[in-house]
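The structure appears right after this line, and notes come after that.
The values are calculated or read from the model by the stated rules, or taken from the named source; none is laboratory data. Everything numeric in this text was worked out from a predicted model, so none of it was measured. Heads up, the Cβs are rebuilt from the backbone with ideal geometry, glycines too, and the neighbour counts pull from every protein chain shown. Heads up: the accessible areas ignore ligands, DNA and RNA and are worked out on the full protein's heavy atoms, side chains in. Shrake-Rupley method; radii C 1.70, N 1.55, O 1.52, S 1.80 Å.
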Amino acid sequence: MENDGAPEKSSVLNCIDLTSSDIQHSVSSLKQACLDCGFFYVVNHGISQEFMDEVFVQSRKFFELGLEEKMKVLRNHKHRGYTPTLDEILDPDNQVHVGDYKEGYYIGIEKPEGDPEADKPFYGPNVWPAADLLSGWRQTMERYHGEALEVARKVARIIALALDLDVDFFDKAEMLGNPISIMRLLHYEGKVSDPAKGLYGAGAHSDYGLITLLVTDDIYGLQICKNKDAKPQVWEYVAPLKGSFIVNLGDMLERWSNGIFKSTLHRVLGNGQERYSIAYFVEPSHDCLVECLPTCKSEENPAKFPPIKCGAYLSQRYTDTHADLNVYNQSQT
């Protein structure tokens, strides 16, 4: 695509081919990426480009609706549904209390009312636009959610081997056997970011869960910081790679690995062009206890993080970064 805002220099990331028969090479390449920067590409993941394109078409159709229509499916306390522009503020220290210049739509694994787990945070029924407004929209998104989860499970098996665990470690019922896993459609308006003024498409943050699978259009915007503790920080763009997922590690995997694998700081800068992406946040079950893995600690290197329940950690992080829903209730009265 012409005029995609491509920078002169982008970060060089390892690429994991899920169809490769050389599992040791895949494990080695992924492990190095996790040690270096916590970001890598995944290709030949099994989701067709034709279907991926259709998901983006359907995503665009929703965001092209009028604001009044989108607000009818405003996110609820379970974090399902629409998030307006400025709803989220990921880096309050630098965003000067101005939120992200993006809008989104949360979709989770469907837990029908009456299911014993539906009362827990992040579980429950999804919120959907009216079927007569966006025909086939729900079916497209549910299919993508299911296919992306299968990709995540394949990646998690390679991560398990990279951590010297059994290949099916993350397949357990309390982990990816019954995950939270949240899909989020994202639309960045055509606003130019200005870090000096605290204006970002998405403020600097690390993701919260196990891993994130990101697919984007061909507009540059995503940046990563490999030296978050340095001053000044150095930010590099991640190039969109058609047909791939950009995968990054979340805070829970950093905690599991005792800080060996990195949950890397990243942000999105707008360059004046609209940008669409789909993030798939892979989280274990609500009751999963995240604590240092036995392969990642020793007498010389004891656990750095206390154990914590996944649901409790996620709930706090979402509360910290999202607007209070009462703000919207008051504005509509």
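Just one of (1) at pLDDT below 95; (2) buried (at least 19 other Cβ atoms within 10 Å of the Cβ); (3) within 12 Å of G81 (Cα to Cα) fails for D100. It is (3).
The set of residues in region 282-312 that are farther than 17 Å from F261 by Cβ and of a type in the set (S, T, Y) contains only S285.
Is one or more of the residues making up region 320-329 closer than 26 Å to G177 by Cα, surrounded by fewer than 18 Cβ atoms within 10 Å (Cβ to Cβ) and among the aromatic types (F, W, Y)? No. Evaluated against (1) within 20 Å of R275 (Cα to Cα); (2) open to solvent by less than 50 Å² (accessible area, probe 1.4 Å); (3) within 20 Å of the chain's Cα centre (by Cα), G198 falls short on exactly one condition, (3).
For (1) touching an Asp or Glu at 6+ places or on another chain (Cβ under 9 Å); (2) buried (at least 22 other Cβ atoms within 10 Å of the Cβ); (3) over 23 Å from T295 (Cα atoms), each residue gets a yes or a no:
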position	(1), (2), (3)
I224	yes, yes, yes
Q233	no, no, yes
L249	yes, yes, no
H266	yes, yes, yes
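State yes or no: is P240 in a loop (DSSP other than H, G, I, E, B), touching an Asp or Glu at 6+ places or on another chain (Cβ under 6 Å) and open to solvent by 10 Å² or more (accessible area, probe 1.4 Å)? Yes: the conditions hold for P240. Criterion applied to K111, K120 was being basic (K, R), open to solvent by 10 Å² or more (accessible area, probe 1.4 Å) and closer than 27 Å to Q58 by Cα, and the one residue passing it is K111. Filtered by the rule that a residue be in a loop (DSSP other than H, G, I, E, B), closer than 24 Å to D171 by Cα and either touching a Pro at 6+ places or on another chain (Cβ under 7 Å) or of a type in the set (A, V, I, L, M, F, W, C) (or both), region 262-320 gives E283, P284, S285, H286, C288, E291, C292, L293, A303, F305. Just to verify a result, which residue in region 268-278, among those that are within 16 Å of L241 (Cβ to Cβ) and of a type outside the set (D, E, K, R), is surrounded by the fewest Cβ atoms within 10 Å (Cβ to Cβ)? Ranking the qualifying residues of region 268-278, first place goes to Y276. Answer yes or no: is there a residue in region 149-158 that is at pLDDT below 95, in contact with a His (Cβ under 9 Å, 6 or more places away or on another chain) and not aliphatic (A, V, I, L, M). Checked region 149-158: no residue is at pLDDT below 95, in contact with a His (Cβ under 9 Å, 6 or more places away or on another chain) and not aliphatic (A, V, I, L, M).
Within region 211-236, how many residues turn out to be among the basic types (K, R) and either touching a residue at least 40 places away in the same chain (Cβ under 8 Å) or at positive phi (or both)? Adding up the residues that qualify gives 1. Looking at the structure I just gave you, is N126 part of a loop (DSSP other than H, G, I, E, B), of a type in the set (S, T, N, Q) and in contact (Cβ under 8 Å) with a residue 12 or more places away in the chain? Here the answer is yes, as N126 does meet what is asked. Within the option set E88, E189, being within 15 Å of the chain's Cα centre (by Cα) and either among the small types (G, A, S) or within 20 Å of V215 (Cβ to Cβ) (or both) holds for one residue only, E88. Would you pick out the residues in region 201-232 that are among the hydroxyl-bearing types (S, T, Y), at pLDDT 95 or above and within 23 Å of Y82 (Cα to Cα)? Within region 201-232, T212, T216 qualify. The single residue among T216, T212 that is touching a Pro at 6+ places or on another chain (Cβ under 7 Å) and not aliphatic (A, V, I, L, M) turns out to be T216.
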